[in-house]
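Visitor: The structure under discussion is supplied below as structure tokens; questions concerning it will follow.
All of the numbers you see were taken from the coordinates with simple rules; none came from a lab. Quick caveat: nothing in here was measured; it's all calculated off a predicted structure. All Cβ positions, glycine included, derive from the backbone under ideal geometry; neighbour counts span all protein chains shown.
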Amino acid sequence: MRVVIIILVFSGCVINAGSANNKKSRSVKKIERAQTAGDAILRYVPDGANLLLEFDLERVRKNEKVGKAFESGSSDLSMVGVAKISTLVLAGFHVGTKEAGMLIFVKSKSKPEETFTRVHGDIYVAGPPQLKKRIAPMKAHPKQSILGDKQLMALRAGAMPEKAKAASFRAVYNIDLQQQLGLANIMGIEVAPSSLSVWADVADDFALVAMANSRSAVEREEVVRAAKRWLFGIVGSEVGQAYQLAKVRPTVRLNSQEKTTVVVATIGPKSLSHYIEGLSRK
């Protein structure tokens, strides 16, 4: 389904690219948005993460249109037992460097696997011991969590529409200047954006907003060209063929102003229904 496709493509790009946190080098205005499923977990994520991927699996699972398709395809994401999980958050630290590490947080009614330990209530975590040790103080001092990183939180909020009340998927990636080369190679451009923010949701229709911030208008134009290549290229890719993206007719708008590039993709109710029905018949 389309939600899973966006998750796989975005996750693959950012995890392979690598980055280091540089939250002090740029200032971003505070943006207020509705809380989504990942917020309950972020209070336990240690400060210093520069990559967050948030999945509201329960919201997708309960959706009348895509729920069954998601359940049938959930074996593709079986590494943490998707069937038991309502919310999944991946927090990356120094991704792509020798110090790279990732914490996997889940909200689940039961312990997912032996590699997971309880954080609080129905929230569990898996990851390197040195990162897990940093979680303990968060229980008493949530302001020391990633929620205290005002810049990353503003970037995270940037792609989410003002009137949106929920999200099936959210992502934010704050990219250090010295670590942009890997992402630039993946995108096929000379200079990668300084940050990426993604919001996606599925209700009776599907909508996605992806926002890339650049350091100059020249870099922005590079990102615009890369976005166009990506939008066309994904259809012919192995993932695109496997999920029959050629049959999807999304409405796509690409806007750019000053140093920001925004991609908005929507699939109407009828098109989404026909697409899901086609996948179910595979």
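Visitor: Neighbour counts of other C-beta atoms within 10 Å: give me Leu131, Leu90, Leu181, Leu52 arranged from fewest to most. Can you show the working numbers first?
Guide: Numbers: Leu131 18, Leu90 22, Leu181 15, Leu52 25.
Sorted ascending by nearby Cβ count, the order is Leu181, Leu131, Leu90, Leu52.
Visitor: Let me ask something else. Kindly write out, for the range 49-66 in residue order, the coupling ³J(HN,Hα) from the Karplus curve 6.51 cos²θ - 1.76 cosθ + 1.60 (θ = phi - 60°), rounded to whole Hz, with x marking Gly and Pro.
Guide: 5, 10, 9, 10, 10, 10, 10, 8, 5, 5, 5, 5, 4, 7, 5, 4, 8, 10
Visitor: If you don't mind, there's one more thing I want to ask. Using the per-residue mean of other Cβ atoms lying within 10 Å as a proxy for protection, in what order, highest first, do the peptides 150-162, 223-235 fall? Display every interim value, and only then the final one.
Guide: Working: 150-162: 20.4, 223-235: 15.8.
Going from most to least packed, we get 150-162, 223-235.
Visitor: Which of the lysines could a cross-linker span from Lys163 if the Cα-Cα distance has to be under 19 Å and same-chain partners fewer than 8 positions apart are dropped?
Guide: Result set, ordered by chain and number: Lys29, Lys30.
Visitor: Further, regarding this structure: What's the local net charge at Ala83, with K and R +1, D and E -1, over the other residues with C-beta under 10 Å away? Please report the intermediate quantities before stating the final value.
Guide: Details: positive: Arg61, Lys84; negative: Glu71.
Net charge around Ala83: +1.
Visitor: Still on this structure, please answer the following. May I ask you to order 242-251, 103-112 by the average number of other C-beta atoms within 10 Å around their residues, highest value first? Don't skip to the end; give the middle numbers.
Guide: On the way: 242-251: 14.4, 103-112: 18.9.
Those peptides, ordered most packed to least, come out 103-112, 242-251.
Visitor: Something else about it: Note down the net charge around Thr261, summing +1 for each Lys or Arg and -1 for each Asp or Glu among other residues with Cβ under 12 Å from its Cβ. Numbers along the way, then the final one.
Guide: On the way: positive: Arg220, Arg225, Lys228, Arg253, Lys259; negative: Glu219, Glu221, Glu222, Glu258.
Here the count lands on +1.
Visitor: With +1 on each Lys and Arg Cβ and -1 on each Asp and Glu Cβ, how big is the dipole of the range 178-282 about its Cα centre, in debye rounded to the nearest 20?
Guide: Working: 12 positive and 10 negative charges, 58 e Å.
Once rounded to the nearest 20, the dipole reads 280 debye.
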